[in-house]
Each structure stands twice: as C-alpha cells, then as structure tokens.
Amino acid sequence: MPYPYQIKSLEEYRSAYKKSVEEPEAFWADIAENFQWRRKWDEVLNWNFKEPKIEWFKGAKLNITENCIDRYLPEMAEKPAIIWEPNNPEERTRVVTYARLHKRVCQFAQVLKNNGVKKGDRVCIYMGMVPELAYAVLGCARIGAIHSVIFGGFSAQSIADRLEDAQAEFIVTCDGAYRGAKDIPLKSVIDDALIGNKLVKKVIVYTRTRIPVSMIKGRDVWWEDEMEYAETQVEKDGVVSFPAEEMDAEDPLFILYTSGSTGKPKGVVHTCGGYMVWTNYSFVNVFQYQPGDVHFCTADIGWITGHSYIVYGPLSAGATSLMFEGIPTWPDAGRFWDIVDKHKVNILYTAPTAIRSLIGFGEGPLKGKDLSSLKTLGTVGEPINEEAWHWYDENIGRKKCPIVDTWWQTETGGILISNLAGITPSRPGWATLPLPGVQPVLVDENGKEITEKDEEGLYKGNLCIKAPWPGILRTTYGDHERCRTNYFATYENLYFTGDGCMKDEEGNYRITGRVDDVLNVSGHRIGPAEVENAINMHTGVVESAVVGYPHDIKGQGIYAYVIFNGRGTPDEQTKKDINQTVARIIGPIAKPDKIQFVSGLPKTRSGKIMRRILRKIAEGEISNIGDISTLLDPAVVDEIKNGKV
Ligand code: WT7
C-alpha cells in the first residue's frame, strides 16, 4: 500500500475525521511521518486566530523538492512525472521522467544561483504552460527562493503592481505563449511592466514561440544558454546533483496574488511544511490516486489549482501529472477528449465553466473518443449546476466515474470540502463532507453559529472554519494586518471564507457562492473594486460600479454601470475603449461583459453605492428591487432599470 493514509471506506473516513478533531496533533504527526524531513518537528501545531499565528511542524527542516523528486529516485527514475501535451496537437508530446525532472530542476536551481538568487528572494514567474514553468517553480523551491507565479492573462500594470508588492528582483518568463489560435507576447508584457522598475536585476527568458523580443544587456538572459552552462556545473560523471536548501517548515514557499472585495490583490503566503502535507494528503484522498494513474488537472499553474494539483500534490505523491498548454476548444471542442484518449487519462479535474462551454458543442466532439481509461472526475472553482453535473456524469464518466466536487480557495492551499472518489457519496451540486482536519461552521452576521434548520430542513449561513489545517495561509505578503482583517476579524476566532453555504442533517455542505462583492468569473476570482478603478482610468469616465450577473457559461459575468462625461454621446465604440482600458490595467479576463451608461448611481445619503440594487437590476430582477427609500436620489433607479442592457 503506497499511501498508508489513503482512506479506503466510509468507516475509515469517519474514524479519521473523528481523530483529526479530537487529537489533531497526533493525527497530523502520523501523516507527516510519511514525508522526508531533514529534521522532525518540535511541535505539531501552535496557533491562535487572533493575530493570527499559525505554525505547523515547527522546528522541522525539509525541502519540498526532495519530497517531490529525490525521494522517488532511483526507483522511479523512468516513471513519467510530467506528461506535457502541446497547444498544437501536431507538435510532439514531451514526457518528463522523475530522473529528467530531477536533472532539470537541479539545473535551473543552479541557473538561479548563478544569477544571484538567494534563499528568501522573490522570483516572479510569468510563463505559458510549458514544462519549464514547473522546472522554474521547483527550481525556486530547491534553493528556497519564494516564487510568485502570475497568470499569463494579466497585464503589464498588474505585473508591475505585484513585482512592487513582493519587492521581486528576478523574473522568469517566455518569449511568448501559445494558447489556442493566439500567440501571447509574454516578454513584451514583462518589458512594459519593467518600465520604471528599479528593483528587478535579472530576467530569464525561455524560448517557446520565437516571436522577436528585446533582450537588454546585463538584465535579460536566455534560459537555454543559462541551462547549458548550469549543466556543466550540476552534472559530474553522469551524476546530477544540486543540494537542496534546508528550509524551516514555516519558511515561505510561495506567494500567490488573489483579489478581494476591496483594494489591490493580496499576496497569499503558503509555507513549506504544512502546504506540502496538505496538498499531498488531499490529492491522495480526494482523487484516490493509485500508482500508475495519469492525473489531468486542466487548470493553469498561474492559479492555485495548478500549484496544488498539477505540481506539488501529484509530484509529492510520486504521481504522473499531465500538463496541457492549450485550451479546451482548440483546434476543436474535442481537445480534452483527444487528450484523455491519447494519454489514457485516469483522473480528470476541471472547472464547471469548461464543462458548460463544452456542452454547447453537443456530443459530436465526443464521437470516436475512447474515454474508458477515466476512473475519477473532479470539478473546482465554482458551484456546479445540476445540468453540467449530469452531462459530465453521463457523457464523460459514462455513469461509472465518481465526481468529486471540490470546494477550496487560494487561501486554503488545497481542497477542504469534497467527497472522496468512490469512498464517500457524491451528490450533484454538493461539495458534501469536510476532509479530516477541517471543521466548518455556519454562522449568522453576528458570528453566532446557526443551530436552527429552515423550512427546507437546511442550516444556512456564512461559512467559517474553526481551527487551522496544515494548508491554511499564514499571512498576506508584507501586510499581516491585512490578513487579519480580511480573514480573521469578521468573526472572532474563526477563519471566514467569504462564502455562503448550507448544510443538511447528515453534515453535507453545499456552497452557494460569495457573500461579499467578489465576483467569480469562469472560476476566477475578480475584485469589483479593481475593475471599477480600471474603468475609471478611462478618460471621460466619472465613476463606475461593477457587479456580477448570472452568465450561462462563465457562471458570473461582469456588469459595469458607468457614468460618462467625455466628448460626445457614449456608444459601442466607447464601450470597446473602456474594455481596452480594463485589459491594459488588469488583463483581458477582467473585461466587462456588459456596460450600461448611466447618469447617476444609487447611493445612500452617506455616499455608499447600493450594490444590492445594481445587482438585482443586472440579474434582471427589475420588479423586485426592494426598499429604495434610503437613497439620496431614488429617481436614478428607474432610469437604470429602463436602460438595462
Ligand atoms: C472561491 C475561491 C479553489 C481553486 C479555484 C478557485 C469558489 C471554489 C468551489 C466549489 C462552489 C467554489 C468559492 C471560493 N469555489 N470551489 N467546488 N463549489 N464554489 O480559487 O480563486 O481562490 O476562489 O471559489 O466561492 O471562495 P479562488
């Protein structure tokens, strides 16, 4: 049995859960025994949510890359660690064995060292989905540098903000990236982000598309040259080595930026020991991974899902992780199924939005595709609607594959609430049961636990977690107070998720969506305040308000109300200009789907925008707006209703 902590029955789940609550330290110490530590911990857990201060495995020393790579050598040298499927199906697949991964990660760690990167330094990674992205991430982890991966869809301005916030001195990028029919000029975006930046010393550029790039002497270096030189340093007589930096369990592993309802994105910080244990434990249990399985997580490594379930979770379990460069609809809507067929994928983990977009193409793209290798299906990122769930179950799983609906967040490091594939029951639309170590609680606005069922027999409230699990965020980079106010101050002694939730009598959870203003567009978190700031940058825009509305494919679409006072009457062209501004400031992912020009916004007498009203109108609930008597100018509501787009 390769994973002694893999739960194999409902009874085992129940007893593991019970132990995790009653004796958390003993429970996690047992699990942590299954990893490679240079030194064991002095204390399993030390915490308070007041500051917050959360320490797991304090005093322990490790390097996560030894757990993801070295410990599987030489036994698994020839086993595929990463199978890479290119954007263009005509291009050849690359198979990266554990031995090859070891060599590349050692080489790249050496490259970082040669370029002056030291333990604790922040390295920003802005690359497409190529194996080199995984080498870059793991190379950082090997020398103890803190990686901050930025999704390739973010703009130069967003990168500049993140570089500044993290005080990053190093960047790893590509000349360009292929995504479907598009070539994205990554290096050129980085060049824009670096205008005026005085901190960045080195930019390492991997060649993917061979689009022309400007290479600045003394700052920009080619990945290939650096790797070639590093090879001579790390390989002696056919033996590859690069000593992994000894890290404290609580040393930061990475920063990942994510949006909230206010302000600029926050840099969520995860640390080495707890994050490793959590991603591994959740990976092995939720997906019920078996040695030899091919695991295909369709996320981008620019998001937490890719960090945890393409890189760290699978590799720390010695698994085979499939990494796909492209998009589900290119060259046609059968691409996922081609990949499943070609690589005999056993576990497929994707987002409801991807499923919904594929439903739109009907069953044609499935014809002739052999999906019989599939054993487990998963979803993540947003609530899954029943139609999508059943389509996934019938057409992809052929009613033989359990579907795990995994609820979690950037801040949680890994999955917190989900059924365990084939072990605990699934139920459409329900994330079901908490993983061992996770203690959810539903509270009302005052933080009082909900103890009464409603008329449907359900408990409904705001979802909080009572105690830390190993993968919880430790801080927000450079601003611990922001971490406290955002997650630990709403309700005393609780971690607040920002999600609304219901629970049934058996203890199953169903997440209903955000209760703050945060939008979830195609499974990606978007901050309305950021979008408003970007819209307001457009010359002629006086003010704006952004809310979400139900969108058939994206889950939520972005609806912007804009007060325009520029030259002429605002028209379709103006909308395009505004969209272009948003793409420049944040990235194309934040472009509003709908823009309505208004002469005023519904505000309270104290000047606060009444988003509730704007949301109702955007949702089309025009007749059911609720009380507007507290508005400064109630007349504006009728105007907005009449002008709905
Ligand atoms: C928010 C977190 C977790 C990786 C991807 C998104 C929503 C996530 C589910 C699910 C219902 C879900 C929540 C959460 N969410 N998974 N299975 N069912 N809602 O990470 O960008 O940090 O967003 O996504 O609202 O708070 P993220």
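Residues whose amide H lies under 5 Å from that of Asp251, counting only those 5 or more places away or on a different chain, are Cys272, Gly273; hydrogens are built 1.01 Å from N in the peptide plane.
For Val268, nonlocal amide neighbours, meaning residues 5 or more places apart or on other chains whose placed amide H falls under 5 Å from its own, are Leu256, Tyr257, Thr258, Tyr477.
With a Förster radius of 22 Å applied to the beta-carbon distance between Lys119 and Glu228, the computed FRET efficiency rounds to 0.35.
In this simple spin-label approximation, Glu164 and Lys40 carry label points 7 Å from Cα along the Cα→Cβ vector, and these lie 4.8 nm apart. For the range 530-556, the residues whose amide N sits under 19 Å from a probe point set 7 Å from the Cα of Arg567 along the beta carbon direction are 537-542.
Spin-label model, Lys641/Glu386: points 7 Å from Cα along the beta carbon direction are separated by 3.1 nm. Peptides 408-416, 173-181, ordered by how many other C-beta atoms sit within 10 Å of their residues on average, highest first, read 408-416, 173-181.
Share of pairwise Cα-Cα distances greater than 12 Å in the range 405-451 is 67 percent (whole percent). In terms of packing, defined here as the mean over residues of other Cβ atoms within 10 angstrom, the peptides 307-313, 634-640 line up highest first as 307-313, 634-640. Taken about its Cα centre, the range 519-642 carries a charge dipole of about 280 debye when Lys and Arg each add +1 at the Cβ and Asp and Glu each add -1 at the Cβ.
Under 5 Å between amide hydrogens, built in the peptide plane, is the criterion, and for Ile146 it picks out Gly120, Asp121, Arg122, Val123 among residues at least 5 positions away or on other chains. Across the alpha-carbon atoms of the range 201-272, the computed radius of gyration and Dmax are 18.1, 56 angstrom.
In the chain, a dipole from Cβ-located charges (positive for Lys and Arg, negative for Asp and Glu) runs towards its positive end, and of Ala29, Phe564, Gly457 it is Phe564 whose Cα lies farthest in that direction.
Taking the Cα centre of the chain as origin and assigning +1 to Lys and Arg Cβ atoms and -1 to Asp and Glu Cβ atoms, the resulting dipole is close to 800 debye. Computed from the alpha carbon atoms alone, the convex hull of the chain holds 162 Å³ per residue. Here the Karplus relation 6.51 cos²θ - 1.76 cosθ + 1.60, evaluated at θ = phi - 60°, turns the backbone of the range 217-228 into coupling constants of 4, x, 10, 9, 10, 7, 3, 4, 5, 5, 5, 5 Hz, with x for every Gly and Pro.
Per the Cα gyration tensor, the range 519-642 maps to an equivalent ellipsoid with semi-axes of 22, 18, 13 Å, ordered largest to smallest.
In whole angstrom, the range 442-514 maps to an equivalent ellipsoid with semi-axes of 26, 12, 10, each derived as √(5λ) from the alpha carbon gyration tensor and ordered largest first.
Bear in mind that the values in this text are calculations on the coordinates, not laboratory data. All values reported here derive from a predicted model rather than from experimental measurement. Glycine gets a Cβ as well: all are built from the backbone with ideal geometry, and neighbour counts include every protein chain shown.
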